[in-house]
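Worksheet: one structure, shown below.
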Amino acid sequence: MEIKPIIKKATVILIDCALAVYLVLAVSAFNRPDALTNVCGEVKIDIQEDVVTGFLKADDVKTQLLRAKLYPLGDPMEQVKTRRIEEALLQNPFVETAQCYKTQTGRVCITLTQRNPVVRVKADNGDDFYIDSHGNMMPATRYISDLVIVTGHVSRQYAQKVLPSIGSYLLQNSLWRNQVEQLNVLADGSMELVPRVGSHIVYLGQPTDFAKKLDRLEKFYKYGLSKAGWNKYSYINIEFHNQIICKRTKQTSS
């Protein structure tokens with residue numbers, strides 16, 4: 001009986017077994033990215049910004065997760081629950097969408113989109129909040145200087161139904177985004193516009209055909225006030241599509 005063939009055969013079997021074990025371990029590691037790195041060494045927070053920037057900050061996200069005991073830095077990767085992190089962040093009134101995932105290098109990535117505030121409401125009844133482009137109310141925890149302030153008789157229903165489209169239109173139009181400082185809602189639901197340039201008030205009437213009314217106002221600014229003077233009129237009524245009614249500014253004697 002020859003010994004060498006038996007040894008050779010046994011060696012081949014051992015090599016095959018070793019390769020099989022290696023492949024099983026490799027596949028397991030590939031299917032479990034967190035197994036390659038045991039501890040979370042980095043948390044990356046990426047906030048996708050829209051028209052209004054800086055409304056939601058990475059520090060806010062970190063603070064929220066710390067309070068909920070979900071901030072993963074230093075935690076074993078196997079214990080990082082990405083779904084729980086997403087669900088917690090979606091409770092934030094400033095967050096529109098949240099996505100969280102783990103990488104093979106011990107990093108936890110969090111990607112957020114923020115709700116897009118379009119106006120700030122400071123109503124006569126004391127309400128103070130932001131309205132986003134979908135009509136969601138957001139607490140006024142910080143001030144954003146380039147948003148239009150809406151004052152007057154503003155109920156929450158009125159704000160959620162009427163203001164999203166108006167605020168979105170103003171933000172997307174470079175002229176009106178810079179020119180409109182304030183909208184004031186009267187008791188009957190009609191609206192006045194307070195411009196940044198000029199000492200006049202513009203009466204818009206009911207908040208319908210908003211874009212058409214501002215288009216007419218733009219033409220009046222271009223062909224009327226630019227020649228007559230920005231302070232010639234104190235009140236400009238553009239409620240009706242076929243006319244513009246102006247009230248002259250009272251002249252004061254020196």
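For Glu96, the residues whose modelled amide H falls within less than 5 Å of its own, excluding neighbours fewer than 5 places apart on the same chain, are Thr113, Gln114, Arg115. As a calculated quantity, the FRET efficiency between Asp46 and Lys250 at R0 = 41 Å, using C-beta atoms, amounts to about 0.15. Summarising the label geometry, the points placed 7 Å from Cα in the beta-carbon direction at Asp188 and Arg83 lie 5.6 nm from one another. Only protein heavy atoms count here; under a 1.4 Å probe, Tyr203 has an accessible surface of about 30 Å². Applying 0.36 nm per residue to the separation of Lys62 and Lys212 and subtracting their alpha-carbon distance, the gain on full extension is 49.6 nm. A cut-off of 5 Å between modelled amide H atoms, ignoring neighbours fewer than 5 places along the same chain, links Asp75 with Cys40. Computed from the alpha carbon atoms alone, the convex hull of the stretch 118-235 holds 97 Å³ per residue.
Here the dipole of the stretch 162-220 is about 180 debye; that uses its Cα centre as origin and unit charges on the Cβ of Lys and Arg (positive) and Asp and Glu (negative). The apolar share of the surface of the stretch 155-209, taken as the fraction of accessible area on carbon and sulfur atoms (1.4 Å probe, ligands and nucleic acids excluded), comes to 47 percent.
Calculate the FRET efficiency for Leu90 and Thr151 from the Cβ-Cβ distance with a Förster distance of 25 Å, rounded to the nearest 0.05. Efficiency computed from Cβ-Cβ geometry: 0.20.
Take the stretch 82-122 with all the other protein chains still there, run a 1.4 Å probe, and you get 45 Å² of accessible area per residue. Which links in Lys122/Lys219; Lys122/Lys212; Lys122/Lys247; Lys44/Lys69; Lys44/Lys81; Lys227/Lys247 stretch past 19 Å when you go from one Cα to the other? Distance filter (> 19 Å) returns Lys122/Lys219; Lys122/Lys212; Lys122/Lys247.
The values are calculated or read from the model by the stated rules, or taken from the named source; none is laboratory data. All of these numbers come straight from a predicted model, not from anything done at the bench. Neighbour counts are summed over all protein chains in view; Cβ atoms, including those assigned to glycine, are modelled from backbone coordinates with ideal geometry. Note: accessible area is taken over every heavy atom of the protein model, side chains too, but ligands, DNA and RNA are not part of it. Shrake-Rupley method; radii C 1.70, N 1.55, O 1.52, S 1.80 Å.
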